[in-house]
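The values are calculated or read from the model by the stated rules, or taken from the named source; none is laboratory data. This one's a predicted model, so the numbers in the text were calculated from it and none came from an experiment. Reconstructed Cβ throughout: ideal geometry from the backbone, glycine too, with neighbour counts over all protein chains shown. Note: accessible area is taken over every heavy atom of the protein model, side chains too, but ligands, DNA and RNA are not part of it. Shrake-Rupley method; radii C 1.70, N 1.55, O 1.52, S 1.80 Å.
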Amino acid sequence: MSKDVSVLMVNYHTAELCEKSIASVYEMTHGCSFEIIVVDNASYDGLDARLRDRFPKVRFIQNDVNVGFGRANNLAAQGATGKYLFMLNPDTSLKNDAISLLFNFMEEAGQESIGAVGVQLEDQEGNPIHSAAPFKKPLKELIKKFRRLLKKALFMERVSIKHTSKKRQSKESPLFQPVDYVTGADLFMRRELFEQIGGYDEAFFLYYEETELQNRLAK
């Protein structure tokens, strides 16, 4: 039977965190139907036994080798039945019915309006953390790296970090805003669209695979 949302998780030596994250999904999600598919990248950390005992409905896929983040998500997506895919990192926990909120938001927005959506992530103290960013531009990135090196050389890095952190926390953001890409920690999008663009590029083993994916979405 198809579901509204397929929650996809990739485990690599994070059994305890993954179990906690799955528990939060079951506890908080009430406004839509969902399934959870977990791919283990050859960590063999006992997660399969934990899930069989506590969450027998979770579908578990065991890889013999670590195939990377994008490829593991592609594998999970192949067996997904949800109208939407929600790629969720195992070190996250839901604080509310975020999955239903995302589902309803996308349903109301319409198929052609939004390619992907994410939420504002928070750390354990409730402070906003990196959740979205502009696409990377090579020249701009080189300039940023040069400035960081210069700050370190001038012993300004610690002061700069403190100033930026305070500024970021005090700045008010609108409820919804367009971004170039959301992080792969909580990427929500239509399964049909994910399949249409070919999923993650498996040439990326780890990092920037979600950036490249959403760059194709933008194009």
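Look through the stretch 38-61, keep the residues that are under 14 Å from LYS20 (Cα atoms) and among the basic types (Lys, Arg), and return whichever of them is most open to solvent (accessible area, probe 1.4 Å).
ARG54
Please go through the stretch 1-24 and pick out each residue that is under 14 Å from LEU51 (Cβ atoms) and outside any strand (DSSP E or B).
Listed by number, the residues that qualify are THR14, ALA15, GLU16, LEU17, CYS18, GLU19, LYS20, SER21, ILE22, ALA23.
Only helices (runs of 4 or more DSSP H) wholly contained in the stretch 44-114 count here; list those with 3 or more residues that are over 30 Å from PHE176 (Cβ atoms).
Values: elements: 47-54, 69-78, 98-109.
By residue number, 47-54, 69-78.
Of the numbered conditions (1) within 20 Å of GLN78 (Cα to Cα); (2) touching a Ser or Thr at 6+ places or on another chain (Cβ under 7 Å), HIS30 satisfies every one except a single condition; which is it?
(1)
Just to be sure before I move on: is GLU27 closer than 21 Å to PHE105 by Cα, in a helix (DSSP H, G or I) and either in contact with a Pro (Cβ under 9 Å, 6 or more places away or on another chain) or open to solvent by 50 Å² or more (accessible area, probe 1.4 Å) (or both) in the structure I sent? Reasoning before the result, please.
On the way: closer than 21 Å to PHE105 by Cα: yes; in a helix (DSSP H, G or I): yes; either in contact with a Pro (Cβ under 9 Å, 6 or more places away or on another chain) or open to solvent by 50 Å² or more (accessible area, probe 1.4 Å) (or both): yes.
Considered against the rule, which asks whether it is closer than 21 Å to PHE105 by Cα, in a helix (DSSP H, G or I) and either in contact with a Pro (Cβ under 9 Å, 6 or more places away or on another chain) or open to solvent by 50 Å² or more (accessible area, probe 1.4 Å) (or both), GLU27 comes out as yes.
What residue, among those in the stretch 4-21 that are of a type in the set (Ser, Thr, Tyr) and crowded, with 22+ Cβ neighbours inside 10 Å, is farthest from SER33 (Cα to Cα)?
Going through the stretch 4-21, the residues of a type in the set (Ser, Thr, Tyr) turn out to be 6, 12, 14, 21.
The next check asks that each one be crowded, with 22+ Cβ neighbours inside 10 Å; those that pass are 6, 21.
Details: SER6: 9, SER21: 17 Å.
Result: SER21.
Taking the stretch 116-132, which residues are within 14 Å of PHE176 (Cα to Cα) and open to solvent by less than 50 Å² (accessible area, probe 1.4 Å)? Give the derivation first.
Within the stretch 116-132, the first condition is being within 14 Å of PHE176 (Cα to Cα), and the residues that meet it are 116-121, 131-132.
ALA116, VAL117, GLY118, LEU121, SER131, ALA132, listed by residue number.
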